[in-house]
Amino acid sequence: MEVHFDGKRALVTGAGKGIGRDTAKALVKCGAEVFVLSRTQEDLDSLVQEYPGIRPVQCDLGDPVATKAAVESVGPIDLLVNNAGINIPQAFLDVTLDTFDTVMNVNVRAVLQVSQIIAKGMVERGTGGSIVNVSSLASKISAKACTTYCASKGALDIMSKVMALELGPHKIRVNTVNPGIVMTNMMRKIGYDDPDKAGPFLSRIPLGKFVEVDDVVHAILYLLSDKAAMVNGASLPIDGGFLTS
């Protein structure tokens, strides 16, 4: 299945590393004009070195004033990937209000704010568009020390469905991808490429392996594309069948 985004303008948040970075590069390869947002200037610089056509925007999505200015600066967008997200692990009884607010601000509030700005432009132009919010399997299952993260991804899933309901009449589709454990460089560094450490998790995945970044990127590209023209309000688990166990 070939996907083309010639003539389309895309924005990817949290594009400095991992899923967001590889999504941005894939969108360039598919012909889109790509804007990337990250709070880390060094990551943006290295990404532009790899792909000089990418348009970088430095911004901390935890700051709503800076977020508004940054997103408005990129102009009209046809394809939006809300990938930025954070997790601050704490046991339930240790969760602080500051931690809760920090996680919810980035994982939920920023998605609301960015999507409102972009979707209003889509509606005004009357050209439609596609939004993919990067959620997590943590919206569907509980995990120790992940109270705020699980809560934020659960909120993101249902907010995405409301977005799909209200924006659908304007030909704007909204979907989420919900990856399980993704084998990023960070996951390898903490030992999840060690069969002994990974065994208990892998035993619950029928396909017997963790998700790779490309697995998520390919799903995002599909949902952004016209190949998914009738997919709206969906939450797509990318988990090798974990939820079936």
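Going by average Cβ neighbours within 10 Å, how do the peptides 92-104, 167-179, 203-215 rank, with the highest at the top?
Final packing ranking: 167-179, 203-215, 92-104.
Only Cα pairs under 8 Å and at least 6 apart count here; give the relative contact order of the chain as a rounded whole percent.
Answer for the chain is 18 percent.
Here is the link list: K8/K120; K140/K161; K68/K120; K8/K227; K68/K171. Which ones come out longer than 20 Å on Cα distance?
Among K8/K120; K140/K161; K68/K120; K8/K227; K68/K171, the Cα-Cα distance tops 20 Å for K68/K171.
Can you give me the distance in nm between label points at V123 and I141, each placed 7 Å from the Cα along the Cα-to-Cβ direction?
According to this spin-label approximation, the distance is 3.8 nm.
Let me check against my output: what whole-number percent is the relative contact order of region 70-127, with C-alpha pairs under 8 Å and at least 6 apart?
55 percent
Expected output is a single nm value to one decimal: the length gained when fully extending between D94 and D193, i.e. 0.36 nm times separation in residues minus the C-alpha distance. What is it?
Working it through step by step, the gained length comes to 32.7 nm.
Size of the dipole of region 103-182 about the Cα centre, Lys and Arg at +1 and Asp and Glu at -1 on the beta carbon, nothing else charged, in debye to 20?
60 debye
What's the FRET efficiency of Y51 with H4 using the Cβ-Cβ distance as r and R₀ = 22 Å, to the nearest 0.05?
0.80
Laboratory data are not the source of any read-out in this text; all were calculated from the coordinates shown. In this text the structure is predicted, and so the values were computed from the model without any measurement. Using ideal geometry, Cβ is built from the backbone for each residue, glycine included, and neighbour counts are taken over all protein chains shown.
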